[in-house]
1. Between Met388 and Asn56, take the C-beta separation as r, use R0 = 22 Å, and let me know the FRET efficiency to the nearest 0.05.
2. Could you give the length gained by full extension between Lys369 and Lys42, i.e. 0.36 nm per residue of separation minus their alpha carbon distance, to one decimal place?
3. Could you run the Karplus curve 6.51 cos²θ - 1.76 cosθ + 1.60 with θ = phi - 60° over region 342-353 and give me ³J(HN,Hα) per residue in whole Hz, x for Gly and Pro?
4. Tally Lys and Arg at +1 and Asp and Glu at -1 over the other residues with C-beta under 15 Å from the C-beta of Tyr252: what net charge comes out?
5. What is the gain in length, in nm to one decimal, between Ile404 and Asp343 on full extension, counting 0.36 nm per residue of separation less the C-alpha to C-alpha distance?
6. What spacing in nm lies between the two simple spin-label points modelled at Leu197 and His169, each 7 Å away from Cα in the Cβ direction?
7. Enumerate the amide H contacts of Arg51 below 5 Å, restricted to partners 5 or more residues apart or on another chain; note that Pro and chain-start residues carry no placed amide H.
8. Mind pulling the angle between the C-alpha long axis of helix 7-17 and the longest principal axis of the chain? Nearest 10 degrees, somewhere in 0 to 90.
Amino acid sequence: MRKLLLGDEAIAQGALDAGLSGVYAYPGTPSTEITEYIQNSKLAVERNVHRRWCTNEKTAMEAALGMSFMGKRALVCMKHVGLNVCADPFVNSGMTGVNGGLVVLVADDPSMHSSQDEQDSRFYGKFAMIPTLEPSTQQEAYDMMEKAYELSEEVCLPVLMRVTTRMAHSRAVVEVKETPRAENELNYDAKASHWVLLPGNAIKRNITVTGQQAELEQRAVNSEYNKYIDGADHSMGVIATGIAYNYLMECYPDGCPYPVLKISQYPMPKELIRRMTAECYAVLIAEEGQPFVEDLVRGVMPGNAVIKGRLTGELPRTGELNPDALKKALGLPVSEGYASCEDVAPRPPALCQGCGHRDVYTALNEVLKDYPNARVFGDIGCYTLGFMPPFKAIHSCVDMGASITMAKGAAGSARCHQRECQHHRHHQRQPHHRYDGWSGLGRYRQVRRHLPWPGYDRRAPQGGCSPAQEHARDHASDA
Ligand SMILES: Cc1ncc(C[n+]2csc(CCOP(=O)(O)OP(=O)(O)O)c2C)c(N)n1
Ligand code: SF4
């Protein structure tokens, strides 16, 4: 059967057809559509597949791991920054290992279309010592899900599947199975002491997982998703990972003249890379994200082959790849795009007209009129748009949930300076304690200058003069 699917939908369909029993996720572009697809799937409803949004990525990861321990196949989905949030259970799931297949699906967002950074999740796969897959097409994304569950169950480890924005959010025709695989039976491994990560168990397990790495690499060498395609012209070879392989094929519709190494399964298949560096004079490395392969290849290079890529400027150091970027790197003519139409006014994102955040920011700005130097700690979500005109109401946005805690830290530092300052009043008579930069009065002044907020001046330190009096005194001594 053929379906027109987004990459995200192909992943979801692939998981369902592979006998998925539960998806646990926290939303985030470009991963959200996976869970939405499963939530709306007839098969998932018929089978009562668990399909839950979770409180955050950590709880999602833990729920999926719990289901896997019971022998069922589970999926956890998130965007790349979510992997930071669930890093603890994620890395430790590599230590415990799994029972039913567990796929950790992470969607990276190079070019930061909807994210605050460009991190590359493949590093996490290496860090946690677990196999990582990176599909090059929507069809491969679908097929890989079944293979990912098989691999996970064979090696008893979670499998990280990394996609990037264009893979997640572009559509292609995908051939899907007529008959989905049945779900796993409940199968609780009562003897799994390595699920209890007491040091005694974890030390043994660490030796086992470390010992598995050579086998995982050999599996990558033999993987159907990694292939070495020889070419007539050995003046250059191209290593293309994930979707970059798709772009490379687009550059050469009649076949690439150079040898090509397609990488879609990690750990890195070093044997195949050594073959390329031995057979080709130069090697161009095309990968979406950070120079993950490029860095490692430079490290393992035995010979003098010239390595080109993101680190040497042939490909852009940051941002998404695209076929034109590859064409430039390969010395091919680049097709001219259309200039943007001048009649279309730019439409930066804005809060909806009836959005409640508008009232909050209006009120906040009203209050802050009396405190021109106030700093407002913001957060990630629609309310980040409060940074933009007409509100211009927030001064930070770092990660999800950071607003309150950062404001608390900032407030705490200033209160602490009130105390230090009182302390300092005693010490400032000692010459060696005067104006000591980030402690004492100097630091107090700095914080006072940068972090006043509403209500600050109204708080008088106990047993001392009021901050307003302190302020006056600071300036008097400045003068
Ligand atoms: C760790 C992490 N997970 C997920 C996201 C994706 N994300 C961005 S905004 C958002 C929802 C924010 O909702 P809310 O806090 O209610 O703010 P609102 O959008 O309503 O202003 C999500 C899930 C993210 N940026 N970081
Ligand atoms: S929170 Fe976002 S989606 Fe909801 S009304 Fe405000 S701007 Fe619109």
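All of the numbers you see were taken from the coordinates with simple rules; none came from a lab. The structure displayed is predicted, hence computed values, not measured ones. Methodologically, a virtual Cβ is constructed for each residue, glycine included, from the backbone with ideal geometry; neighbour enumeration extends over all protein chains shown.
1. So, using R0 = 22 Å, E works out to roughly 0.25.
2. Numbers: separation 327, 0.36 × 327 = 117.72 nm, distance 5.45 nm.
Full extension from Lys369 to Lys42 adds 112.3 nm.
3. Per-residue couplings from phi come out as 6, 6, 8, 6, x, 10, x, x, 9, 5, 4, 4 Hz.
4. On the way: positive: Lys262, Lys327, Lys328; negative: Asp230, Asp233, Glu250, Asp254, Asp324.
So the surrounding residues net to -2.
5. Separation in residues times 0.36 nm, less the Cα-Cα distance, equals 17.7 nm.
6. Here the answer is 3.3 nm between the modelled labels.
7. Sorted by chain and number, the residues that satisfy this are Val23.
8. Rounded to the nearest ten degrees, it is 60.
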